[in-house]
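Enquirer: My questions will all concern the structure given below.
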Amino acid sequence: MVLLACAGCGRKAEPPVREPPAAPRPAVPQPARPLALGVTEFDPQLLDPAAAPAGFGPTRDALLALRPDRVRLVVDWSKLQPSSAAPADLAAQRDGCARGLPPCAPYAGLRAQLEAVQRARAAAGGGWEVLVVLSGVPAWAATPARGCERPGTLPRSRAISAAGLAGYRRLVADVRAEGERAGVPLRWWSPWNEPNHPAFVSPQRAACSTASPSLSPAVYARIVGAARSALGGTGAKLVLGELAGLRGPRARGTAVGEFIRALPDAVACSASAWSQHEYASPEDEAAAPFARDAVAEAEAALAERPCTRGLPVWVTETGVGGPRSGQRRPIDEAALGAQCAAQAARLDRWAADDRVGAVFQYTFREDPFYPVGLADAGLTRLYPTYALWKAWADARGPAAPPRPPGCTTP
C-alpha cells in the first residue's frame, strides 16, 4: 500500500537536519530470537537514527528499539515511472504524511529509505536485511482491460505488457544500483506483491466464475522470469509468493493453494523462501482458532512439490486492528486487548513451526485505510501490540515470551 498526497498539512516543512551516520559497531553474538522479526514501514523518518523531524522522534525510537532483523521496502513502480521515455525516479519526493494526516516530513523516495536503512544498520551493528518488493504497473506498461475485472480497475493493477517487462528489468537494475550507491546490500527480492489479488494482478480469471482457471500464476511466472534475468549473476535470492491470504477460490481472486499448485516447476523451484500474508483477527480466533490459516495452506501446497518441500516460509505481512480495509479500528481497551491476544496467538503458532523463518509487521505507523499498525497515524500513541512485538524482540532462545499486560481477551 502507498501513502497518498498530503492535503492541508500547513506550510512546507523544512528538511530535517541529518547527523553524520554513526560509526559501525561490531556485532555482538547473542542467542537467536524465537522468530526473526521484520517490519514494513514507508517513512524513512521512522527508520533513521539521525535527528528526527518534529513529531517523529518518540515513535522512531520505539521502532528502532525493536532492532528488526529485516525490513521490507515496497517499490511502487507506478508512482516512479509515469512515462517510458525516462527511467524510474527513485528519489521522487514524498510528503511523509499518512494519507494526508500529519505529522508530515518530506523525503526523497526510495533513495531516502535506503539511506535511512544504511544508518540504522551501522548504528545497530547488524540486522536490517532488506527485502525488496515490487508493485504497481505504470499505465504505459500495462495490458488492456479484459476478463473478469472489478469496477474501477486501474492500469496499475493489470498484467505487465511485453514492453513493460523490459521496463521492469530496467527498474530492477536501477533499484540494485541505488542500493549499491547507499551502501545497502539488496540480497532478497520479491518480484511482485499479492499476485493472487485483483488489486495487483487483474483480471484473475477470464470469466467471473471459480470454474474459470486462474490467469495470475502465468502472469506471475513472466514477472519472475524478468526478475531472474535482471538479477542473474548478482547472488540475489528470490522470495516468491507475497500472496494475499485468500481462503478458497473467488471469481476475482485466487486461493493460496490454487496459485502455488498452478506455478510451473521452473518458477516454484527458483525460490529461496516463500512469502505469505496472514493477518490476525479477534473475531476469527474467538470463533475457531486458526480456521483461517493461509500459512498452513501454503505449506501444504509447497509440500506437494519435491523442490519446494521444506522451503522456508516468511510471513511478510501480518498485523491486527481494523476488521476490513477502509474500516475504523476499534480502540477501546477491551478491543485493543483482544487484538493483541489474537496477534500473540499467531506469533506463538509461527514460532512453533520450524518452517516459518521470519515474520514482518505491516506497518509500523498506521495506514488510515488499513489500520493494523503498531503506532497510530498521528504518532501520538503506541498500541498494546507494540509491547507484544517488543517482548518478542527482546526474547532469546526457542521459547515464546510471556504476553505483556493489556494483551488479553476480556
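Enquirer: In nanometres, what is the gap between the two model label sites at residue 331 and residue 146, each 7 Å from Cα along Cα-to-Cβ?
Expert: Placing both labels 7 Å beyond Cα along the Cβ direction yields 4.6 nm.
Enquirer: Write out the trypsin sites (Lys or Arg not before Pro) in the stretch 241-310 meeting two conditions: DSSP loop, and at most 13 other Cβ atoms within 10 Å of their Cβ.
Expert: Of the trypsin sites (Lys or Arg not before Pro), the ones in loops of the stretch 241-310 whose Cβ has at most 13 other Cβ atoms within 10 Å are 309.
Enquirer: Skipping prolines and chain starts, which residues have an amide H placed within reach, meaning under 5 Å, of the one on residue 134, given they are 5 or more residues away or on another chain?
Expert: Counting only residues 5 or more places away or on other chains, the set is 75, 190, 192, 193.
Enquirer: Along the Cα-to-Cβ line of residue 353, 7 Å from the Cα, sits a label point; which residues in the stretch 300-338 have backbone N less than 13 Å from it?
Expert: 300-303, 310-318
Enquirer: Follow-up question, since we're still on this one. With the alpha-carbon atoms as the only input, what is the per residue convex hull volume for the stretch 141-192 in Å³?
Expert: 95
Enquirer: Using just the C-alpha positions of the stretch 227-301 as equal point scatterers, what log10 of I(q)/I(0) does the Debye formula give at each q in 0.13, 0.15, 0.20, 0.27 1/Å?
Expert: For the stretch 227-301, the Cα-only Debye profile gives -0.47, -0.60, -0.90, -1.27.
Enquirer: Percent of Cα-Cα pairs per 10 Å bin, from 0 to the last occupied bin, for the stretch 29-165, please list those.
Expert: Cα pair-distance distribution for the stretch 29-165, in percent: 11, 34, 29, 19, 7, 0.
Enquirer: Over the alpha-carbon set of the stretch 83-164, work out the extent along each principal axis and list the three values in angstrom, largest first.
Expert: Taking the Cα atoms of the stretch 83-164, the three principal extents are 50, 31, 27 Å.
Enquirer: Let me ask something else about it. Positive end of the dipole of the chain, charges at C-beta (+1 Lys, Arg; -1 Asp, Glu), about the Cα centre: which of 92, 351, 244 has its Cα farthest in that direction?
Expert: Farthest towards the positive end: 92.
Enquirer: Suppose we keep just the DSSP beta bridges with both residues in the chain; what percent of those would be antiparallel, to 5?
Expert: Of those bridges, close to 15 percent are antiparallel.
Enquirer: Moving on to the next point. Compute the semi-axes of the equivalent ellipsoid of the stretch 203-331, taking the square root of 5 times each eigenvalue of the Cα gyration tensor, and list them largest first in whole Å.
Expert: After scaling each eigenvalue by five and taking roots: 27, 18, 15 Å.
Enquirer: Taking the Cα centre of the chain as origin, sum charge times position over the Cβ atoms of Lys and Arg (+1) and Asp and Glu (-1), and report the length of that vector in debye to the nearest 20.
Expert: Charge dipole of the chain: 740 debye, to the nearest 20.
Enquirer: Here is a further query. Provide the net charge surrounding residue 346, with neighbours chosen by a C-beta distance below 13 Å and charges set as Lys +1, Arg +1, Asp -1, Glu -1.
Expert: -4
Enquirer: Next question. Any idea of the accessible area per residue across the chain, 1.4 Å probe, to the nearest Å²?
Expert: Accessible area per residue, the chain: 40 Å².
Enquirer: How large is the charge dipole for the stretch 38-179, taken about the Cα centre, if only the Cβ atoms of Lys, Arg (+1) and Asp, Glu (-1) carry charge, to the nearest 20 debye?
Expert: Result for the stretch 38-179 is approximately 400 debye, rounded to the nearest 20.
Enquirer: Could I ask something else about it? Counting Lys and Arg as +1 and Asp and Glu as -1, each charge on the Cβ, what is the dipole of the stretch 254-348 about the Cα centre in debye, to the nearest 20?
Expert: With only Lys, Arg, Asp and Glu charged at Cβ, the dipole is about 220 debye.
Enquirer: Follow-up question, since we're still on this one. Would you mind classifying the stretch 267-308 by shape? Square roots of the alpha carbon gyration tensor eigenvalues, ordered a ≥ b ≥ c; an a/c under 1.5 is rounded, otherwise it is prolate if a/b is larger than b/c and oblate if not.
Expert: prolate
Enquirer: Using a 1.4 Å probe on the protein heavy atoms only, what accessible surface does residue 219 show? Give it in Å² to the nearest 10.
Expert: The accessible area of residue 219 comes to roughly 10 Å².
Enquirer: Using the Cα centre of the chain as origin and beta-carbon charges of +1 (Lys, Arg) and -1 (Asp, Glu), tell me which of 154, 375, 255 is placed farthest towards the positive end of the dipole.
Expert: 154
Enquirer: From the backbone phi of the stretch 238-255, what are the Karplus-calculated ³J(HN,Hα) couplings (6.51 cos²θ - 1.76 cosθ + 1.60, θ = phi - 60°) in whole Hz, Gly and Pro given as x?
Expert: With the stated coefficients, the stretch 238-255 comes to 8, 10, 8, x, 6, 6, 5, x, 7, 9, x, x, 10, 4, 10, x, 10, 5 Hz.
Enquirer: 7 Å from Cα along Cα→Cβ at both residue 409 and residue 265: what's the point-to-point distance in nm?
Expert: So the label points at residue 409 and residue 265 sit 4.4 nm apart.
Enquirer: Residue 303 to residue 54: FRET efficiency via 1/(1 + (r/R0)^6), r the Cβ-Cβ distance, R0 41 Å, to the nearest 0.05?
Expert: So, using R0 = 41 Å, E works out to roughly 0.20.
Enquirer: Along the principal axes of its C-alpha atoms, what lengths does the chain span, in descending order and rounded to whole Å?
Expert: On the principal axes, the chain reaches 51, 49, 44 Å in Cα extent.
Enquirer: Could you pull out every residue, at least 5 positions away or on a different chain, whose amide H is within less than 5 Å of the one on residue 250? Hs are placed 1.01 Å off N in the peptide plane, and Pro or chain starts have none.
Expert: Those qualifying (amide H under 5 Å, at least 5 residues apart or on another chain) are 255.
Enquirer: Just to confirm a number: summing +1 for Lys and Arg and -1 for Asp and Glu over residues other than residue 66 whose beta-carbon lies under 12 angstrom from that of residue 66, what do you get?
Expert: +1
The values are calculated or read from the model by the stated rules, or taken from the named source; none is laboratory data. Predicted, not measured: the structure shown is a model, and the values here were computed from it. Note that each Cβ is placed from the backbone with ideal geometry, even for glycine, and that neighbours are counted across all protein chains shown. Note: accessible area is taken over every heavy atom of the protein model, side chains too, but ligands, DNA and RNA are not part of it. Shrake-Rupley method; radii C 1.70, N 1.55, O 1.52, S 1.80 Å.
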